[in-house]
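Engineer: Before anything else, here's the structure in question.
The values are calculated or read from the model by the stated rules, or taken from the named source; none is laboratory data. Every value quoted in this text rests on a predicted model; they were computed, and no experiment measured them. Don't worry about glycine lacking a Cβ; one is built from the backbone with ideal geometry, like all the others, and counts go over all protein chains shown.
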Amino acid sequence: MAIIITEECINCGACEPECPNNAIYEAGVEWAYKDGTKVQGNFQFKGMSLNADEKHEPISKEVYYIVPDKCTECEGFHEEPQCAAVCPVDCCVPDPDNVETKDELLAKKNLLHF
Ligand code: SF4
Ligand code: SF4
């Protein structure tokens, strides 16, 4: 399952550089699949044809946010979610709306980083 940042976030920015997938963005910043990953141009994900370069609207304009399709819960990189490990207010929590198995998370990691 992906991690989500709650409204308790104090916008300290400590989590952003820790994410191996560049799945964390500052409030109001547009995101793209290619940011911090190896995907470029058109690629297939979850049965959809996507463009890695395309900019997407920010998910939050108030606090830092995590892109669910880029978060692997740090599978393939670290033993535990790095954002949750560094967050001073413990507002990086499992997202019940984005539940994924370990295999699915590793497949996502391999898609983003080959
Ligand atoms: S759990 Fe890991 S991959 Fe997901 S947002 Fe946090 S640091 Fe990034
Ligand atoms: S470390 Fe926690 S409080 Fe700081 S920006 Fe990230 S989610 Fe927000």
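Engineer: Take segment 66-94 and flag every residue that is of a type outside the set (A, V, I, L, M), near ligand 2 (Cβ under 9 Å from one of its atoms) and buried (at least 17 other Cβ atoms within 10 Å of the Cβ).
Structural biologist: Scanning segment 66-94 gives Cys83, Cys87, Cys91, Cys92.
Engineer: Right, here's the next one. Would you check which residues across segment 1-35 are away from ligand 2 (no atom under 16 Å from the Cβ) and either of a type outside the set (Gly, Ala, Ser) or surrounded by fewer than 18 Cβ atoms within 10 Å (Cβ to Cβ) (or both) and list them?
Structural biologist: Matches in segment 1-35: Met1, Glu30, Tyr33, Lys34, Asp35.
Engineer: Give the residue, chosen from Cys71, Cys91, that is among the hydrophobic types (A, V, I, L, M, F, W, C), closer than 25 Å to Gln40 by Cα and at pLDDT 95 or above.
Structural biologist: Unique residue meeting the criteria: Cys71.
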